[in-house]
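A.B. asks: Let me begin by handing over the structure; questions about it come next.
The values are calculated or read from the model by the stated rules, or taken from the named source; none is laboratory data. As the structure is a computational prediction, the values presented were derived from the model and not from experiment. Ligands, DNA and RNA are excluded from the accessible area calculation, which covers all protein heavy atoms including side chains. Shrake-Rupley method; radii C 1.70, N 1.55, O 1.52, S 1.80 Å.
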Amino acid sequence: MSFSQVVDQALKENRDVCEAYIAAAEQMLADDIADNQVIGQHGAAFLGEGKTKVLTHCNTGALATACYGTALGIVRSMWEQGRLEQVVFTETRPYN
């Protein structure tokens, strides 16, 4: 649901627009993090078993997604599983 739809729905239901907007944004954040964690788990599984070296390029983590990341999510999942031997980022940005 888009934010304009959230506002329209709140107005139709006589609810506070700001509260509805914030609730929708918080749900989008939670959904994005959960989706990224699943992507990370599937990506880590795709790369096989054992220690692995990974190279990733461009906009990972919080710059590309809400937090966990898609490409970086794979790296995080592998780290959590103790399977990450080395990671190389060929482009860096702040906060990653």
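A.B. asks: Relative to the longest principal axis of the C-alpha atoms of the chain, give the angle of the C-alpha long axis of helix 3-12, reported between 0 and 90° and rounded to the nearest 10°.
C.D. replies: For helix 3-12, the angle is close to 30 degrees.
A.B. asks: For the chain, what % of the accessible area comes from carbon and sulfur atoms, probe 1.4 Å?
C.D. replies: With neighbouring chains kept in place, the figure for the chain is 56 percent.
A.B. asks: Now a separate question. Jot down the per residue volume, in cubic angstrom and as a whole number, of the convex hull over the alpha-carbon atoms of the chain.
C.D. replies: 104
A.B. asks: Against the longest alpha carbon principal axis of the chain, how many degrees, from 0 to 90 and to the nearest 10, is the axis of helix 17-46 turned?
C.D. replies: 20
A.B. asks: May I ask you to give the solvent-accessible area per residue for the chain, in square angstrom, as obtained with a 1.4 angstrom probe?
C.D. replies: Each residue of the chain exposes 68 Å² on average to a 1.4 Å probe.
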